[in-house]
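The values are calculated or read from the model by the stated rules, or taken from the named source; none is laboratory data. For clarity, every value in this text was computed on a predicted model and none was experimentally measured. Note: ideal-geometry Cβ built from the backbone for every residue, glycine included; neighbour counts use all protein chains shown. SASA here: full protein model, heavy atoms, side chains in, ligands and nucleic acids out. Shrake-Rupley method; radii C 1.70, N 1.55, O 1.52, S 1.80 Å.
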Amino acid sequence: MRNQEPMLQDFFTLVERYDPGYSRKVRGASPEEIADLEELAGQPLSECHREFLARMGRNMGGLEVEGVDFHIERITEFYRSGEWTPPPGYILLAIQEDDPQMDYYLECPRPGARDCPVVRFPSMGEFSKETYFYPLDPSLSDFLLALAFSEKRMEALEHQRLLTPSTGHRQQEPNILSTPAALLRVLEERALRLGFKRVARSSGAYRFYESPDAALYARLDDEGGLRGVTVGASKVRELERISDILSNGTSLVIS
């Protein structure tokens, strides 16, 4: 059954598509370290979080966010210091060492969840969802898939461009496709026609496409429609061609 499979198998499959042998580079935390963190956090960790720590809690194999520490020892050190107590239902995932020091948390209001949304807020002062609170991804698995595709595929492409739906006059032009659902449908159709192949289909928040010399990194909205797409290509001419095809007859414009 699907729910018996490792939750991060698709993540490792995606990374090893571009970095063969990656799974041998990572180093996981021990069951005792994970149990210690769980006790310090005051609630059970989600299934995906536990698997993440067990496989990559001590070393993410070079796949990291610059200036952000995911190491389990750093997380437990934070909890033990007692300098600031996270609000109930939030479990620290990673610490941003430099300004703006918006740390990464998993929002898990119900114990025993399979996976939880990733959010960011500072580990200091009075907690409020009204200020300095940023929802990042609907799940840890989505966050890791996006990180993998961004770092392992998109970073290898020299030329990139972000296309987002226009909020201006272009939406008013006749026959312009502008709804998020229509834009996603057009993106899928045109990407396949251009020879792109979709990878990492398990993500509910992203669509990833690649061809030998280009890639598309699409972010979806909460309803599953297109929020924006980053086009990456090894040559400027190819970047221009793909961008023109995707924006033709749609509200997508260079952001």
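Give me the residue from region 196-212 that is assigned to a loop (DSSP other than H, G, I, E, B) and not small (Gly, Ala, Ser) and, out of that set, nearest to Pro117 (Cα to Cα). Walk me through how you get there before you give the answer.
The first filter runs over region 196-212 and keeps only residues assigned to a loop (DSSP other than H, G, I, E, B), leaving 196, 200-205, 212.
If we keep only those that are not small (Gly, Ala, Ser) too, we end up with 196, 201, 212.
Details: Phe196: 29, Arg201: 19, Pro212: 32 Å.
Applying the filter and picking the extreme gives Arg201.
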Close pairs (6 angstrom Cβ cut-off, 6 or more residues apart or separate chains): in contact (Cβ under 8 Å) with a residue 24 or more places away in the chain in region 125-145, surrounded by 10 or more Cβ atoms within 10 Å (Cβ to Cβ) and of a type in the set (Gly, Ala, Ser) anywhere: Asp137/Ala205; Pro138/Ala205; Asp142/Ser203; Asp142/Ala205; Leu145/Ala200; Leu145/Ser203
Test: residue in region 217-230 that is farther than 30 Å from Pro117 by Cα and either modelled with pLDDT of 95 or more or among the charged types (D, E, K, R) (or both): no
Pick from region 114-146, criterion of a type in the set (Asp, Glu) and either assigned to a loop (DSSP other than H, G, I, E, B) or farther than 19 Å from Leu53 by Cβ (or both), ranking: nearest to the chain's Cα centre (by Cα): Asp115
Which listed residue, of Arg114, Arg110, Arg27, is in contact with a helix residue (DSSP H, G or I) (Cβ under 6 Å, 6 or more places away or on another chain) and open to solvent by 60 Å² or more (accessible area, probe 1.4 Å): Arg114
Subset tally (residues that are loosely packed, with under 15 Cβ neighbours inside 10 Å and of a type in the set (Lys, Arg)) for region 211-235: 1
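Among residues belonging to region 196-207 that are modelled with pLDDT of 95 or more and of a type in the set (A, V, I, L, M), point out the one that is nearest to Leu252 (Cα to Cα). Working first, answer last.
First, pick out the residues of region 196-207 that are modelled with pLDDT of 95 or more: 196-199, 205-207.
Remaining after also requiring of a type in the set (A, V, I, L, M): 199, 205.
Values: Val199: 23, Ala205: 19 Å.
Among residues in region 196-207 that are modelled with pLDDT of 95 or more and of a type in the set (A, V, I, L, M), the one nearest to Leu252 (Cα to Cα) is Ala205.
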Any pair with Cβ under 8 angstrom, 6 or more apart, that starts in region 81-99 at a residue that is under 22 Å from Val65 (Cβ atoms) and ends at one that is modelled with pLDDT under 95 and of a type in the set (Val, Ile, Thr): Ala94/Val65
All positions within region 134-160 that are over 19 Å from Val65 (Cα atoms) and buried (at least 17 other Cβ atoms within 10 Å of the Cβ): none
Qualifying residue in region 116-137 (condition: touching a Cys at 6+ places or on another chain (Cβ under 8 Å) and at pLDDT 95 or above): yes
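Can you say whether Val186 is β-branched (Val, Ile, Thr), open to solvent by less than 40 Å² (accessible area, probe 1.4 Å) and touching an Asp or Glu at 6+ places or on another chain (Cβ under 7 Å), as far as the supplied structure shows?
Numbers: β-branched (Val, Ile, Thr): yes; open to solvent by less than 40 Å² (accessible area, probe 1.4 Å): yes; touching an Asp or Glu at 6+ places or on another chain (Cβ under 7 Å): no.
No, not satisfied.
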Qualifying residue in region 175-195 (condition: in a loop (DSSP other than H, G, I, E, B), within 19 Å of the chain's Cα centre (by Cα) and farther than 16 Å from Ser251 by Cβ): no
Set Ser150, Ser166: member being modelled with pLDDT under 95 and of a type in the set (S, T, N, Q): Ser166
Pick from region 192-210, criterion in contact (Cβ under 8 Å) with a residue 40 or more places away in the chain and aliphatic (A, V, I, L, M), ranking: most open to solvent (accessible area, probe 1.4 Å): Leu194
